[in-house]
Amino acid sequence: MAKSKVLIVGGTGYLGKRLVNASLKLGHETHVLHRPEIGVDIEKVQMMLSFKGRGAKLVPGSFDDYRSLVDAVKLVDVVICAISGVHIRSHHILLQLKLVDAIKEARNVKRFLPSEFGTDPATMANAMEPGRVTFDDKMVVRKAIEDAGIPHTYVSANCFAGYFLSGLCQPGKIIPSTDSVLLLGDGDQKAIYVDEDDIAMYTMKSVDDPRTLNKTVYIRPPKNILSQLEVVGIWEKLIGKDLQKSSISAQDFLARMKEQNYAEQVGLTHYYHVCYEGCLANFEIGEDGVEASELYPDVNYVSVEEYLRRYL
């Protein structure tokens, strides 16, 4: 079967650049939206040129120019959006409503993958403020997609390894300590950690798969469904010593969270749901979902131990 032509929006971002790499690796004709307002961000310009040198097609377009979005969408079969939904970076989820309108007008897109890639927002109806804004906005985009009858796939990739594993699940930490660790509660709630390159590969594998059409793809690599204590245990084994452990209760965590600025509170709310409530692993995948590592056993995903070895 011929591979779809793919447009990636947000292709120079944290996950977007990995999606471009995976798309090219799998042999898709890969289009990357190029924003005129990229200005003098030389690193992004050079990244774009590196994509071009590997065969990607750079397509001018911007959320500030609706016609350019329609023109870009008309070039491809599949649209993948990877704009940021993380408040500590930027939060642009609702900008995708313009992309939904462009896809609806173009009428040629066989599948749209909006910017999700974290916790499944459909499971977070009872999420706390202020973090619930992320899930609410994603559900607004989902409703627009489904109301327009646009074929779609949603990707729930759970915890990005770079944010969670590298700091042993401690907010604000991105390098594992060799001395101490703060456990969130008892550290016993299961979460799911996925290397960002693996997220991109599983995502790209799904774009032409009829089994993922109008479904949510949950990325749940079996070896990576672990508690914070289990992650710490793997690190301790790798470094050959025990870390000094302390813990913070849910009540104290929430109290400290309220002292932070808005963007940090949003992120910490997500940590609370993941690490104190176990929101990622406390439900079974229903008939509207499929699991990526089962669909694509050929993807040799990075285990937690393999990931942490990088820091030795």
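The values are calculated or read from the model by the stated rules, or taken from the named source; none is laboratory data. This structure is a prediction, so every number in the text was calculated from the model and none was measured. Note that each Cβ is placed from the backbone with ideal geometry, even for glycine, and that neighbours are counted across all protein chains shown. All accessible areas refer to the heavy atoms of the entire protein, side chains included, with ligands and DNA or RNA removed. Shrake-Rupley method; radii C 1.70, N 1.55, O 1.52, S 1.80 Å.
Numbers at a glance
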quantity: Region 211-312 shape via C-alpha gyration tensor axes, a/c threshold 1.5; calculated: oblate
quantity: Nearby aspartates and glutamates by direct alpha-carbon distance to Lys205 (threshold 13 angstrom, same-chain neighbours under 8 apart not counted); calculated: Asp197, Glu291, Glu294, Asp298
quantity: For region 12-35 and region 154-185, distance of Cα centres in Å; calculated: 26 Å
quantity: ³J(HN,Hα), Karplus 6.51/-1.76/1.60, whole Hz, each residue of region 134-151, x for Gly, Pro; calculated: 4, 6, 4, 5, 5, 6, 4, 5, 4, 4, 5, 4, 6, 5, 7, x, 7, x
quantity: Sequence-separation-based contact order of region 226-312, relative, with Cα cut under 8 Å and 6+ spacing, percent; calculated: 39 percent
quantity: Cα gyration tensor shape for region 3-118, rounded if a/c is under 1.5, else prolate or oblate; calculated: rounded
quantity: Mean ellipticity per residue at 222 nm, deg cm²/dmol - from DSSP H runs of n ≥ 4 across the chain, formula -39500 (n - 2.57); calculated: -11000 deg cm²/dmol
quantity: Cβ-defined net charge surrounding Arg67, 12 Å radius [Lys, Arg +1; Asp, Glu -1]; calculated: -3
quantity: Sequence-separation-based contact order of the chain, relative, with Cα cut under 8 Å and 6+ spacing, percent; calculated: 18 percent
quantity: Order of exposure, largest accessible area first, which applies to Val100, Val45 with probe 1.4 Å; calculated: Val45, Val100
quantity: 12 Å cut-off, amide nitrogen to a point 7 angstrom out along Lys110 Cα→Cβ, residues in region 67-87; calculated: 76-79
quantity: Accessible carbon and sulfur surface of the chain relative to its total accessible area, %, 1.4 Å; calculated: 50 percent
quantity: Choice from Glu236, Glu284, Glu264 with maximal GNM fluctuation in the chain (Cα, 10 Å cutoff); calculated: Glu284
quantity: Contour excess over end-to-end distance, with Cα ends at Leu229 and Lys241 and 0.36 nm allotted per residue; calculated: 2.9 nm
quantity: For region 178-312: accessible area per residue (Å², 1.4 Å); calculated: 49 Å²
quantity: Percent RCO, i.e. relative contact order, over region 190-275, from Cα pairs under 8 Å lying at least 6 residues apart; calculated: 35 percent
quantity: Accessible-area order (highest first, 1.4 angstrom probe) of the listed residues Arg310, Arg18; calculated: Arg310, Arg18
quantity: Highest-fluctuation residue, Val78, Val207, Val181 considered, GNM on the chain with Cα pairs under 10 Å; calculated: Val181
quantity: Rounded if a/c under 1.5, otherwise prolate or oblate - region 128-273, Cα gyration tensor axes; calculated: oblate
quantity: Antiparallel bridge percentage (DSSP; both residues within region 1-160; nearest 5); calculated: 15 percent
